[in-house]
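*Asks:* Take this structure first; my questions come after.
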Amino acid sequence: MLSRFHIAATLVLAGLVLAGCGVRGPLETPPSAKAENAAVASSESGQGKPEGAAPKAHKPFILDGLIR
């Protein structure tokens with residue numbers, strides 16, 4: 001009887017922990033980081049490139065077969 005209680009309590013606790021892991025939706029940066037990133041655009045982000053510039057070449061990666 002005690003072991004069934006432990007199993008049930010563990011499952012309930014694991015469910016609560018997993019349910020509280022984060023916020024559903026896209027990641028958001030803090031407001032201070034948003035202000036800094038708006039002023040500085042890196043050349044790799046594509047935001048600071050002039051119009052008509054060639055895209056960055058693709059570097060092969062070992063897991064490309066899984067995502068392409």
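The values are calculated or read from the model by the stated rules, or taken from the named source; none is laboratory data. No experiment lies behind these values; they were computed from the predicted model shown. Backbone-built Cβ (ideal geometry, glycine too); neighbour counts: all protein chains shown.
*Asks:* Kindly check whether there is at least one residue in the stretch 44-67 that is of a type in the set (A, V, I, L, M, F, W, C), assigned to a loop (DSSP other than H, G, I, E, B), at pLDDT below 75 and exposed (fewer than 10 other Cβ atoms within 10 Å of the Cβ).
*Replies:* No, the stretch 44-67 contains no residue that is of a type in the set (A, V, I, L, M, F, W, C), assigned to a loop (DSSP other than H, G, I, E, B), at pLDDT below 75 and exposed (fewer than 10 other Cβ atoms within 10 Å of the Cβ).
*Asks:* Now for a separate question. Suppose the filter is at pLDDT 70 or above, loosely packed, with under 10 Cβ neighbours inside 10 Å, assigned to a helix (DSSP H, G or I) and under 18 Å from the mean Cα position of the chain (by Cα); does Leu18 pass it?
*Replies:* Judged against the criteria, Leu18 is a match.
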